[in-house]
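The values are calculated or read from the model by the stated rules, or taken from the named source; none is laboratory data. Predicted model only: the values in this text are computed from it and were never measured. Counting neighbours? That spans all protein chains shown, and the Cβs are built from the backbone with ideal geometry, glycine included.
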Amino acid sequence: MTDIRQPQPPYESYPGSPLPGERPGQPQPAQPYHPPQAYAPPSTPPSTGGATRGASGHQQTAVRRPRTESGARSAPRTRKARLRVSRVDPWSVMKVSFLLAIALGICTVVAAAVLWMVMDGMGVFSAVGGTISEATESKKGTGFDLESFLSLPRVLAFTGVIAAINVVLATALATLGAFIYNLSAGFVGGVEVTLAEDE
């Protein structure tokens, strides 16, 4: 038997022809090829109005955001914490008060020495001493010598004794005050303190 059919061209020669039994489809416009991307494309900033077209060709509606004033600044906030001093350690109060009393005593001695030197340089002791000596002078002897009584060593010794007594009294009173505060805080709750911190 001899094949009398004409030779048919290959399938590739009919690019637009459908297969047998297939309905012809609608012609689609040619679109540019977009290669696959590992990451999503960056979003385009929204415009003031209208719509934008994305990379895939679909129409996207822009979202309008409210404008904020460029010069407006947010007011600084202040955080507050309300605390209560419910107890004071008497031992720590005694140590702090002792050191403060010693510092105050040293300042007192130095101030007394400086004041004595200034008054002696101005001639206050000699003038007042002469007046008192003339007023207390009698036929039996001379009057009261103020300059010898108020000499610098005697003034410093007297000031040192006063400073030492002040150290003892201040330390004892501060420690006793700590005990009294702890007792009163057990009944009324203690002193409330409000702390504020600016951000």
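Taken over segment 171-192, residues that are of a type in the set (Ser, Thr, Tyr), out of contact with any Ser or Thr (no Cβ under 6 Å at 6 or more places or on another chain) and under 11 Å from Val93 (Cβ atoms) amount to 2. Only a single item in (1) in contact with a Ser or Thr (Cβ under 6 Å, 6 or more places away or on another chain); (2) of a type in the set (Lys, Arg); (3) farther than 30 Å from Ala196 by Cβ is not met by Arg82, and it is number (3).
All conditions but one from (1) at positive phi; (2) modelled with pLDDT of 90 or more apply to Gly123; the one that does not is (2). For the list (1) outside any loop (DSSP other than H, G, I, E, B); (2) surrounded by 12 or more Cβ atoms within 10 Å (Cβ to Cβ); (3) at pLDDT 75 or above, I need the number of the one condition that Gln60 fails. Just one mismatch for Gln60, condition (3). Note on segment 154-192: among residues that are of a type outside the set (Asp, Glu) and outside any helix (DSSP H, G or I), the one that is surrounded by the most Cβ atoms within 10 Å (Cβ to Cβ) is Gly190. Counting only helices (runs of 4 or more DSSP H) that fall entirely inside segment 76-153 and contain at least 2 residues that are surrounded by 11 or more Cβ atoms within 10 Å (Cβ to Cβ) and touching a residue at least 60 places away in the same chain (Cβ under 8 Å), the qualifying elements are 90-122.
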